[in-house]
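Asks: Input: one structure, supplied below.
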Amino acid sequence: MTLTDLNTRFGLSQQLKFVEGPGGLIFAEIDNALGTAYLCLQGAHITTFRPKDQAEPVIWLSDYAKFASGKSIRGGAPVCWPWFGAHATESGFPGHGYARTVMWEVTQSAALASGETEITLALVENEQSRAQWPHPCRVELNVVVGRSLKVGLITTNLGDTDLGIGEALHTYFQIGDIAEIQVLGLEGCEYVDKVGPVTRREQAGPITFSGEVDRVYVNSESTCVIEDRRLQRRILIAKTGARSTVVWTPWTEKADKMGDFGPDGWRRMVCVESGNALDNVVLIPAGQSHTMSVEYSAQVL
Ligand code: BG6
């Protein structure tokens with residue numbers, strides 16, 4: 001669909017328009033009285049979100065992010081699907097699945113009576129993705145932008161056998177400084193520690209950061225809170241249908257190697273990802289759907 005077609009069919013005067021952005025990629029630009037967000041149609045990737053009562057975005061985008069066809073964008077809320085992390089058996093398949101690098105099509109948009117703006121997208125399979133995932137399914141992302149950001153990831157199994165999927169919204173949050181925040185809500189949860197030899201541990205108290213952290217908390221359904229004294233706010237991450245939480249900061253060495261964080265971009269972000277991974281991979285019976293939903297909001301501390 002051309003930009004003109006997109007704007008004619010799904011544009012909403014004052015609230016939603018489609019524009020060509022960096023790398024020639026197409027973005028939905030959402031701006032209403034409550035909040036503002038950008039969403040790249042490649043990957044259905046929300047690149048940033050700011051409630052109007054916040055001076056700083058809630059969702060972080062790297063100043064050094066690369067925008068190119070078929071490449072994941074550093075920052076925002078990448079959609080990891082239909083597996084999380086490395087593929088179980090095929091080392092050549094992309095980490096975190098292919099949903100974040102393929103095109104999605106817009107299927108619906110609406111200006112809601114609440115003042116929020118809604119947009120829904122569906123993943124478009126291609127030859128390469130079908131070769132990696134030969135299972136008929138429908139995957140949709142529903143996004144509602146207002147004072148909070150609500151995101152639903154819906155998978156429908158269109159095949160005639162059960163289907164196991166891993167998934168996550170790999171969201172990067174904007175923070176004052178990684179060394180000064182804490183993440184609450186995971187106390188007492190079991191986690192798989194991916195830094196060094198993989199080990200299983202139990203979280204004692206809030207999470208604080210003084211080096212690389214890469215952990216998958218299993219069976220962790222509670223709301224997580226990022227407490228940020230420097231920005232004097234807390235970010236709330238409330239989820240349903242998502243039983244895993246991934247907490248990730250690359251810290252300096254890994255960020256330098258990755259090349260799209262800039263000199264100290266990693267200090268201004270933390271990933272608190274909501275999803276279903278490892279022990280929590282979801283089995284969707286034939287003909288049925290599974291939904292994971294996450295709501296992101298910010299409060300003054
Ligand atoms: C996290 C993983 O979810 O994503 C990390 O736990 C990984 O191991 C990170 O490094 C970033 O992944 P990517 O593929 O976006 O660079």
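The values are calculated or read from the model by the stated rules, or taken from the named source; none is laboratory data. The structure displayed is predicted, hence computed values, not measured ones. For neighbour counting, all protein chains shown are included, and Cβ atoms are generated from backbone atoms with ideal geometry for every residue, glycine included. Heavy atoms of the whole protein, side chains included, go into the accessibility calculation; ligands, DNA and RNA do not. Shrake-Rupley method; radii C 1.70, N 1.55, O 1.52, S 1.80 Å.
Asks: Anything in region 142-176 that is of a type in the set (D, E, K, R) and open to solvent by 20 Å² or more (accessible area, probe 1.4 Å)? List them, or say none.
Replies: Result: Arg147, Lys150, Asp160, Asp162.
Asks: For a quick check of your reading of the model, give me the residue pairs whose first member lies in region 89-116 and is within 18 Å of Gly75 (Cα to Cα) and of a type in the set (Lys, Arg), whose second is within 12 Å of the ligand (Cβ to nearest atom) and in a loop (DSSP other than H, G, I, E, B), with beta-carbon atoms closer than 9 Å and at least 6 apart or on different chains.
Replies: Arg100/Gly43; Arg100/Ser72; Arg100/Ile73; Arg100/Pro78; Arg100/Pro94; Arg100/His170
Asks: Next question. Output the residues belonging to region 276-288 that are under 15 Å from Trp81 (Cα atoms) and open to solvent by 70 Å² or more (accessible area, probe 1.4 Å).
Replies: Leu278, Val281, Leu283
Let's see how each residue does on (1) under 22 Å from Ala255 (Cβ atoms); (2) among the small types (Gly, Ala, Ser):
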position	(1), (2)
Gln42	no, no
Lys52	no, no
Lys71	yes, no
Phe84	yes, no
Ser109	no, yes
Thr117	no, no
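Asks: When region 198-222 is examined, which residues are found to be surrounded by 14 or more Cβ atoms within 10 Å (Cβ to Cβ), more than 20 Å from Arg267 (Cβ to Cβ) and either among the β-branched types (Val, Ile, Thr) or touching a residue at least 24 places away in the same chain (Cβ under 8 Å) (or both)?
Replies: Those that are surrounded by 14 or more Cβ atoms within 10 Å (Cβ to Cβ), more than 20 Å from Arg267 (Cβ to Cβ) and either among the β-branched types (Val, Ile, Thr) or touching a residue at least 24 places away in the same chain (Cβ under 8 Å) (or both): Val216, Tyr217, Val218, Ser220, Ser222.
Asks: Regarding region 248-262, can at least one residue be identified that is at pLDDT 95 or above, touching a strand residue (DSSP E or B) at 6+ places or on another chain (Cβ under 7 Å) and either of a type in the set (Gly, Ala, Ser) or not in a strand (DSSP E or B) (or both)?
Replies: no
Asks: Then there's this: Quick check on Thr249: is it β-branched (Val, Ile, Thr), touching a helix residue (DSSP H, G or I) at 6+ places or on another chain (Cβ under 6 Å) and within 14 Å of the ligand (Cβ to nearest atom)?
Replies: For Thr249, the condition - β-branched (Val, Ile, Thr), touching a helix residue (DSSP H, G or I) at 6+ places or on another chain (Cβ under 6 Å) and within 14 Å of the ligand (Cβ to nearest atom) - is met.
Asks: Only residues that are closer than 24 Å to Arg147 by Cβ, within 13 Å of the chain's Cα centre (by Cα) and in a loop (DSSP other than H, G, I, E, B): list them for region 13-69, please.
Replies: Answer for region 13-69, where residues must be closer than 24 Å to Arg147 by Cβ, within 13 Å of the chain's Cα centre (by Cα) and in a loop (DSSP other than H, G, I, E, B): Ala44, Val58, Trp60.
Asks: Look through region 70-91, keep the residues that are more than 14 Å from Gln42 (Cα to Cα) and open to solvent by 40 Å² or more (accessible area, probe 1.4 Å), and return whichever of them is nearest to the ligand (Cβ to nearest atom).
Replies: Ala86
Asks: Let me ask you something else. Looking at region 182-235, which of its residues are among the charged types (D, E, K, R), away from the ligand (no atom under 16 Å from the Cβ) and out of contact with any helix residue (DSSP H, G or I) (no Cβ under 9 Å at 6 or more places or on another chain)?
Replies: Across region 182-235, the qualifying residues are Glu187, Glu202, Glu221, Glu227, Arg233, Arg234.
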